[in-house]
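For reference, the structure is listed below as structure tokens.
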Amino acid sequence: MLLNEPHPLESRVLTRRYVYPQKDAIGIDQYVSQQGYDGIRKALEMTPEAIIDEVKKSSLRGRGGAGFPTGMKWSFVDRKSPKPKYIVVNADEGEPGTCKDRVIMEHEPHRLIEGCLIAGRSINSNRGWIYIRGEYRKYIDIMDRAIADAYARGFLGDNVLGSGWTFHLSTHTGAGSYECGEESALLESLEGKRGNPRLKPPFPATSGAFQCPTIVNNVETYSAVPDIILNGGDWYAGLGTPRNGGTRLVCLSGHLNRPGVYEVPLGMNMLTIINEIGGGVWKGRKLKAVIPGGSSSPILRAEECDIPADYDSLAKAGSMLGSGATVVLDETADIVKVLSRLMAFYAHESCGWCIPCREGTAWLKKILARLDEGVGTKNDIDMVDQLATSMFGRTFCALGDAAAMPAMSYVRKFRDEFEAKLNSTQVFVPAPQTQPLVVL
Amino acid sequence: MTFSPELEARFARLIENYPPGRQKGALIPMLLYAQDEIGSVTPELLAEVAKRLHVKQVEIEEVLGYYTMLTREPRGKHHIQVCTNVSCMLTGGEELYAHACKKLGIGNRQKTADGQFSLEEVECIGACSWAPAMLVNYDFHFNMTPEKLDSLIDSLRKMQ
Ligand SMILES: Cc1cc2nc3c(=O)[nH]c(=O)nc-3n(C[C@H](O)[C@H](O)[C@H](O)COP(=O)(O)O)c2cc1C
Ligand code: FES
């Protein structure tokens, strides 16, 4: 399976039952024999308020991108509402650099199910969906099997563990769209529509799936909850730094000796993560830059990386922890090319719903292709910055920001590289136009 | 239109998963699972799904254009999807993709004349720590090299 050989500096909480190498997902018998589903047993004895308080105390923050405090999000749901209340798991995992949710689903599907149960209990919900990106068919099958086992053993169904409480859970496959990771677009997709975002407010806590109160969280966020209930919020908070509780999965990729997914406490120094756990920059080269939280996060120069990797410290450094994806660039990396590739990505994935994003990403893609091919002008560099600045905060959903943030930070921090490419002698040869024989 | 008993059973379960009257929620999963069985979203499939979910055909057309995994044209038996997004690009994804084009003699979203292979340059497939990565249908292949790609394609050819 996917996990790397464990590193001594890791703190294994979420991944503590994983063995290396592990062949199959942890089955229900093994899970139950190792404290599995004890969290929901305990939660069933607690009031919803007490569950949410424990999650608040843990200072668990969303692992999907925005880092919103999870307990607070859950408390926004009106538990007394006559409408049904829903649990939605965001397993769309589309942010470039991110590859952790699959590790959780592949190794220990029951942990996610238990997290959903506890969340469901805390808002009086009777139904949940796990929205998994379509390419992850293998993990959808693993989750389906685990869900069937959980039903058979009475952890899911009309009478969860004899408590009289009903909770149903199923998977829902996506079909190829980054935008469907944005929570309101995901809910549209869940309803069988195009993944266009919704106007907020109302937030999903008020009007979410099928216009009912809903909580949407990332796979890793839900998966952290069983241990919080078992061992207490204070214990979990103590694993990290103030306001940034617990451990997280970091997805190391790029120019590294030991790329992989590892579990580290929040607040571990970024350079320790890269140099110790990730084995340092490959080929004996020097570090140039780090993308600390997925492709949408502003880039950090090597000298800015000596900071604790948690939500607040990265925000202070002008970037974000995002989805926990850390992409490492060595001294030979071509910053202009990286940004050009990213803008092509955002232009492709923009859903077209709002004009600033649809037009903005398309133009950023074109201008950056020009700069990358060596036919751009100085004016183009300024235009990237201006365009991104005027897009930022003015799009319907955060996809526009996700494109603007890297654009602004790359041109500001590595302007010399953009300028160097202007003077390159490279002659522009347009890519041959291949007319598709068959348009798929 | 008839489907395999497994797919029928899946459809029956799927529709149960959504609130009463909101069975349209099953639309995208149904289209994708059905496409996997019959190869593409054909006009007959479209009509059948519209009937079963009580939606208008145009509602399905809207969705078809949006999701990249749904297709009206059958793909090759082995649909090769090479990621060239950032983590893969940094570790040789673009070279891998160019190599795949050369090896198969086709370009992006094309398929070979014998219908065995189709190729697509895709965005991040969530395998960044094991980059460069690619998919053949739903099977992931990690830490790819042009040599590994050659032997993979050769072995798929032999499978015919
Ligand atoms: C364009 C875009 C794509 C996103 N993709 C994902 C994703 O793939 N997975 C995810 O968990 N969150 C994603 N998010 C964040 C979600 O909107 C949402 O904040 C998150 O699921 C909330 O869960 P959390 O609080 O547990 O992080 C995305 C956001 C945007 C704007
Ligand atoms: S960038 Fe290629 S799999 Fe994520």
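Quick note: the coordinates plus some simple rules give every number you see, no bench work behind them. As the structure is a computational prediction, the values presented were derived from the model and not from experiment. Don't worry about glycine lacking a Cβ; one is built from the backbone with ideal geometry, like all the others, and counts go over all protein chains shown.
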Shape verdict for region B:5-66, please, from the Cα gyration tensor: rounded (a/c under 1.5), prolate (a/b greater than b/c) or oblate. oblate
Report Rg (one decimal) and Dmax (nearest whole number) for region A:335-420, counting Cα atoms only, units Å. 11.6, 36
Remind me, what semi-axes does the protein assembly as shown give for its equivalent ellipsoid, largest first in whole Å, using sqrt of 5 times each Cα gyration tensor eigenvalue? 36, 30, 23
Output the 0 to 90 degree angle, nearest 10, between the alpha-carbon long axis of helix B:5-16 and the longest principal axis computed from the alpha carbons of chain B. 70 degrees
Take the alpha carbon atoms of region A:352-405, find their center, do the same for region A:181-216, and report the distance between the two centers in whole angstrom. 26 Å
Under 5 Å between amide hydrogens, which residues at least 5 positions from residue A:86 or on another chain qualify, with H placed 1.01 Å from N in the peptide plane? A:214, A:215
Each label point is 7 Å from the Cα along the Cα-to-Cβ direction; what then is the distance between the points at residue A:161 and residue A:22, in nm? 2.1 nm
Please list, by residue number, every one of the trypsin sites (Lys or Arg not before Pro) in region A:241-321 that is coil in DSSP and has at most 16 other beta-carbon atoms within 10 Å. A:243, A:285, A:286
By how many degrees, 0 to 90 and rounded to 10, does the Cα axis of helix A:109-122 deviate from the longest principal axis of chain A? 70 degrees
Give me the one-decimal nm value for the distance between modelled label points at residue B:22 and residue B:6, 7 Å along each residue's Cα-to-Cβ direction. 3.0 nm
About its Cα centre, region A:311-409 carries a charge dipole, from +1 on Lys and Arg Cβ atoms and -1 on Asp and Glu Cβ atoms, whose size in debye to the nearest 20 is 280 debye
Label point 7 Å beyond Cα of residue A:72 along Cβ direction - residues of region A:213-255 with amide nitrogen under 14 Å: A:243-245
According to a simple spin-label model (label point 7 Å from Cα along Cα-to-Cβ), what is the distance in nm between residue B:56 and residue A:282? 5.2 nm
Amide H partners (placed H, <5 Å) of residue A:130, local residues excluded: A:89, A:170, A:171, A:172
Measuring from its Cα centre, region A:354-396 shows a charge dipole (+1 at each Lys and Arg Cβ, -1 at each Asp and Glu Cβ) which, in debye to the nearest 20, is 160 debye
Region A:261-337 to region B:27-73: how many Å between their Cα centroids? 42 Å
Mind checking the angle between helix A:137-152 and chain A's longest principal axis? C-alpha axes, 0 to 90 degrees, to the nearest 10. 10 degrees
R0 = 51 Å: FRET efficiency of residue A:382 with residue B:159, Cβ-based, nearest 0.05? 0.40
Are any of the pairs A:366/B:103; A:42/A:73; A:85/A:138; A:23/A:100; A:57/A:316 more than 27 Å apart by Cα-Cα distance, and if so, which? A:366/B:103; A:85/A:138
Estimated dipole of chain B in Debye, rounded to 20 [Cβ of Lys and Arg +1, of Asp and Glu -1, Cα centre]: 220 debye
Rg(Cα)/(2.2 N^0.38 Å) for region A:239-316, N = residue count: 1.04
